[in-house]
1. Show the residue pairs meeting these rules: Cβ distance below 9 Å; 6+ apart or different chains; first residue within the stretch 94-111 and over 15 Å from Thr268 (Cβ atoms) and of a type outside the set (D, E, K, R); second residue assigned to a helix (DSSP H, G or I) and modelled with pLDDT of 70 or more.
2. Restricting the search to the stretch 105-120, which residues are of a type in the set (A, V, I, L, M) and surrounded by fewer than 17 Cβ atoms within 10 Å (Cβ to Cβ)?
3. For the stretch 252-277, what are the residues that are in contact (Cβ under 8 Å) with a residue 60 or more places away in the chain and under 15 Å from Gly204 (Cβ atoms)?
4. Please determine whether any residue of the stretch 183-193 is in contact with a Leu (Cβ under 7 Å, 6 or more places away or on another chain), of a type in the set (Ser, Thr, Tyr) and within 19 Å of Ile241 (Cβ to Cβ).
5. Report yes if some residue within the stretch 202-220 is closer than 22 Å to Met147 by Cα, within 36 Å of the chain's Cα centre (by Cα) and free of Cβ contacts under 8 Å to residues at least 40 places away in the same chain; otherwise report no.
6. Enumerate the pairs (first residue in the stretch 230-251 and closer than 20 Å to Asp146 by Cα; second residue anywhere and surrounded by 10 or more Cβ atoms within 10 Å (Cβ to Cβ) and among the aromatic types (Phe, Trp, Tyr)) with beta-carbon separation below 8 Å, excluding pairs fewer than 6 apart on the same chain, so at least 6 apart or on different chains.
7. So which residues in the stretch 46-104 are modelled with pLDDT of 75 or more and in contact with a strand residue (DSSP E or B) (Cβ under 8 Å, 6 or more places away or on another chain), if there are any at all?
8. Take the residues in the stretch 147-157 that are at pLDDT 95 or above and of a type outside the set (A, V, I, L, M, F, W, C); name whichever of them is surrounded by the fewest Cβ atoms within 10 Å (Cβ to Cβ).
Amino acid sequence: MKLLKNKKFRIILIVAVFVIVAILSINRFSGVNIIRNIVTIPVSWIQKGIYNIDRYFTEKRFTRKQYQELLEENKNLRAENEQLREDNAAMSLLEDKNELLRQALLLKDIFEGYDIVGSNIMGSDPGNFVYRYKIDIGTRDKVKPDMPVVAANNALYGRVYSATYTTSVIVPIIDENAGISGWISKENGGHVNIKGDIRYKERGLCLIENVSDNVELVVGDVVETSGLGGIYPKGILVGVITEIFYDEITHERFGVLQPYVDFNSISTVFVMMEKTE
């Protein structure tokens with residue numbers, strides 16, 4: 001039974017029957033008429049069987065060839081796909097560099113007295129200061145402490161806190177140790193102080209304090225740097241006032257400032273280096 005299930009055995013059996021019938025057909029006077037009469041399989045059926053056998057092997061060879069071609073085509077497509085991925089990554093990197101250069105040139109047009117150097121944020125400083133971030137340029141790039149740090153579109157990020165040869169740590173404006181002299185950017189505006197506050201930094205906000213009585217403070221006012229204090233030049237955009245409240249004990253007005261910078265998503269910043277003659 002196992003032999004009958006074997007394809008090769010069945011093929012050999014069919015061929016053997018064909019040979020026997022052929023011999024019997026050629027020699028009509030061979031004395032084996034009794035055997036010939038016993039074999040009643042038509043020659044046309046045998047021919048059809050041989051044709052089917054030949055077609056079977058032809059189709060098998062063709063299918064095998066197709067399979068090899070598909071494997072080769074798949075291999076080539078994978079290689080092309082990988083090359084496209086590499087090309088897209090290189091193109092994306094080039095676009096990022098071009099965008100970085102474009103933003104730097106825009107900032108240079110605004111602040112002609114400064115050189116603008118782009119950098120990438122590497123993550124938070126490994127020390128205890130969660131809200132201090134490390135960037136990938138340092139003293140070899142002429143970075144020094146207290147240099148202003150801005151994001152794209154002239155939005156204030158903070159200042160350089162410290163610098164090593166290859167990296168620097170920057171303090172964002174939401175840090176409690178950050179203090180900025182601001183200006184309400186409207187006709188008859190006025191000076192205000194902007195600082196980080198533990199009550200607001202978790203939400204990425206700053207506190208406005210020391211508001212003079214003659215300064216009109218309105219929700220929606222835009223605040224920029226005043227140029228006082230010796231660190232930040234005048235005209236860097238800081239944020240928008242979202243809330244104003246009055247302290248009944250100190251009789252002072254305060255404001256809450258929403259910075260233009262989203263500190264949770266930004267990955268590129270620019271260090272402003274004042275030109276020296």
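1. Listed by first residue and then by second, the contacts come to Ile110/Asn154; Phe111/Asn154.
2. Leu105, Leu106, Ile110
3. Within the stretch 252-277, Leu257, Pro259, Tyr260, Val261, Phe263, Asn264, Ile266 meet the criteria.
4. No, the stretch 183-193 contains no residue that is in contact with a Leu (Cβ under 7 Å, 6 or more places away or on another chain), of a type in the set (Ser, Thr, Tyr) and within 19 Å of Ile241 (Cβ to Cβ).
5. No.
6. Pro233/Phe111; Pro233/Tyr114; Lys234/Trp183; Gly235/Phe111; Leu237/Tyr260; Val238/Tyr260
7. Of everything in the stretch 46-104, nothing turns out to be modelled with pLDDT of 75 or more and in contact with a strand residue (DSSP E or B) (Cβ under 8 Å, 6 or more places away or on another chain).
8. Per the stated criteria, the residue is Pro148.
The values are calculated or read from the model by the stated rules, or taken from the named source; none is laboratory data. Source: prediction; values computed, not measured. Positions of Cβ are backbone-derived with ideal geometry, glycine not excepted, and every protein chain shown enters the neighbour counts.
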